[in-house]
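**Q** Dumping the structure here so I can ask a few things about it.
The values are calculated or read from the model by the stated rules, or taken from the named source; none is laboratory data. Keep in mind that this is a model prediction, so the values were computed, not measured. So basically every Cβ, Gly included, is an ideal-geometry build from the backbone, and we count neighbours across all protein chains shown. Side chains included, ligands, DNA and RNA excluded: accessible areas come from the protein's heavy atoms. Shrake-Rupley method; radii C 1.70, N 1.55, O 1.52, S 1.80 Å.
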Amino acid sequence: MAAGLLTSLAPVASAADSTTDLGVLMPSVASRSGVVAAGGGKVFVSANTRIIVTDTRGVLTGSITGLSAAAGLALSPDGTRLYAALGGSHQVAEVDTADLTIIRRIDLTAYPCPVNLSLSGSRLWVGHGCYRETGGGVIGLDLSAPVPVPVPVPIDADTFDAPRVAAAGDTLAVANTSAESSDLLIYDVSGTSATLRGTIESHPNDQGLPNDLALTPDGSTVISVDADTHQLAAWDATSLAKVRDYATEAADSPAAVAISPDGAHIAGGWKSAFTLYGTPTATTLHQTTPPAANSLGSLAFSGADVFGVLRGNNDKRLRLWRLHGVTLPPSQLTLTGPSRATAYEEFTLTGRLTLSDGSAPGVQTLTLTRRSPISGSPVTPLPDVTTAADGTFTITDTQPPTKVTYDVLWNGSTDHRWSKAHRTISITLPSSSLTLSGPSEGSVGEQLQFSGVLKAGDRVFPPTTTLKVHRALARADLTQLFELTPAPDGSCSFTDTPTGPGEYTYAVEWEGDTSHRGTWVERDVTVLEQQE
């Protein structure tokens, strides 16, 4: 294969969006596991009796075990401490992320079923409440104290399940869910206790479950998800007025929302969709769907990546979904070529890498693979492709007689998101030909002599090659007379003696094989009564 400027064969690229099977089941959402947090070069996912750890590529690196109903997670800004809500043992665990050891457990027996966490400065806010029961609430913990004392947040209403919490700056937002609605309670936490600023009332919620929410890093804007409208909404944390909506075409309820550490991007997760927005403009920057047969839950930013936790709709397995470089400006790859080509004959594909700002990408390396378009077919790595400075490239190949898809991938850069393109080509067998020579006239009882040549490129024909000889009178009732084997060079001959007069058609057929298409040739002969 010639493919632009070639390098050695490379493995299938991993820079594109990818999934990692975490090796655990989550049969029921009642466990409240499947929460993701990222920072300090690691990614953490709660998985009931453990917390699974990966690197920033989604590669499994370890786990924290011996836990009971691990649910919500919160990371310190420097990534050195992880806090985990343990609903089964009514504790919050503090983990040293360097060696994955639990360095202390904070007892919350008086506030059972801790689920949701949010860390702001030295204070950890905990939403607690047993699954689909009343009596939950929110507490604050001063983590700088040797033994943090839970301080309840005043909620002048019934709660249902564990409230969602989000804290940043001087603001604490609480999604207080009843059986029919989910109010947003906004608190000032600039002092030692939480003081209610006001309530954003009654988001309809026919599921009776807490909706996710997030705060911009300065605490000025609350982002909530609305199970009734299927949209995200931004609220001013001081005036409590709605600032903007983040529209979506997703048909199902939103499941998660996350804000990037710099506040520039919002990630919205629906069960069957993901959307990235620009925070201040609500502009949709990227949309995609989770891998088939998976529902999307918790979300977390990691540099230019976003990680989401998937739950298999059928197998209930937890998977980590990496949306690679999703916050970067996009790039585009195109790949064009024939829709149909002839097997064993060289054909050409061309393409181009284009950056969103219109600048020339310079010389870039692209990963090239070939596969059958049938789902589950193996992928064959091909030599890498090197573009010209303007992003253009050319690929030439020859293929056996099978439909084939070419996939080309650019891994992206620190400035632009990866992109890929594919082209499917139907491959047909090369044609063959038959010639047939012989008399155009003859007499009844006279032997007719025919000869022909089968050609299929430079093919040498094996002894198993078979030609079928047919005969018809007045082009009706075509009958196979016999079969014959051509010589290795394709030449053949046969005779026939008609027993009656008429217009005869003789035909020779080769049905073809795995290397060439079959062919057919005819010759008409007028047979007269024999003269006396």
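**Q** Considering the range 243-256 alone, what residues qualify as being assigned to a strand (DSSP E or B) and either closer than 16 Å to Val326 by Cα or free of Cβ contacts under 8 Å to residues at least 24 places away in the same chain (or both)?
**A** Result: Val243, single match.
**Q** Hey, can you tell me all the residues within the range 472-523 that are at pLDDT below 95, under 19 Å from Val453 (Cβ atoms) and not in a strand (DSSP E or B)?
**A** Across the range 472-523, the qualifying residues are Asp513, Ser515, His516.
**Q** Within the range 435-447, count every residue that is outside any loop (DSSP other than H, G, I, E, B) and either closer than 22 Å to Thr519 by Cβ or open to solvent by 50 Å² or more (accessible area, probe 1.4 Å) (or both).
**A** Residues that pass the stated criteria total 4.
**Q** Here's another thing I want to ask about it. Applying the selection to the range 388-411, what residues are under 21 Å from Leu328 (Cα atoms) and in contact with a Leu (Cβ under 7 Å, 6 or more places away or on another chain)?
**A** Across the range 388-411, the qualifying residues are Gly391, Val408, Leu409, Trp410.
**Q** Return yes or no: is Ala30 under 28 Å from the mean Cα position of the chain (by Cα), part of a helix (DSSP H, G or I) and at pLDDT below 95?
**A** Yes, satisfied.
**Q** I want to confirm something. Restricting to the range 326-338 and keeping residues that are of a type outside the set (Val, Ile, Thr) and in a strand (DSSP E or B), which single residue is most open to solvent (accessible area, probe 1.4 Å)?
**A** For the range 326-338, the residue satisfying everything is Gln332.
**Q** Quick check on this structure: which one of Arg319, Arg311 is modelled with pLDDT of 95 or more and open to solvent by 30 Å² or more (accessible area, probe 1.4 Å)?
**A** Step by step, each of Arg319, Arg311 is checked, and only Arg319 is modelled with pLDDT of 95 or more and open to solvent by 30 Å² or more (accessible area, probe 1.4 Å).
**Q** When you look at Leu429, is it among the aliphatic types (A, V, I, L, M), at pLDDT below 95, open to solvent by 30 Å² or more (accessible area, probe 1.4 Å) and under 15 Å from Gly518 (Cα atoms), yes or no?
**A** yes
**Q** What pairs can you find where one residue is in the range 482-504 and in contact (Cβ under 8 Å) with a residue 40 or more places away in the chain, the other is open to solvent by 30 Å² or more (accessible area, probe 1.4 Å), and their Cβ atoms are less than 6 Å apart, with a gap of 6+ or different chains?
**A** So the pair list comes out as Ser491/Val453; Ser493/Ser451; Thr495/Gln447; Thr495/Gln449; Thr497/Gln447; Pro501/Leu528; Pro501/Glu529.
**Q** Another one. Tell me, which residue of the range 162-174 that is among the small types (Gly, Ala, Ser) and modelled with pLDDT of 95 or more is most open to solvent (accessible area, probe 1.4 Å)?
**A** Top of the filtered list is Gly169.
**Q** Condition first: closer than 19 Å to Ala70 by Cβ and surrounded by 24 or more Cβ atoms within 10 Å (Cβ to Cβ). Now tell me which residues in the range 125-140 satisfy that.
**A** Result: Trp125, Val126, Gly127, His128, Gly129, Gly136.
**Q** Please go through the range 249-297 and give me each residue that is under 17 Å from the mean Cα position of the chain (by Cα), open to solvent by 10 Å² or more (accessible area, probe 1.4 Å) and either among the polar types (S, T, N, Q) or closer than 20 Å to Ala71 by Cβ (or both), ordered by number.
**A** Scanning the range 249-297 gives Lys271, Ser272, Gln287, Thr288, Thr289, Asn294, Ser295, Gly297.
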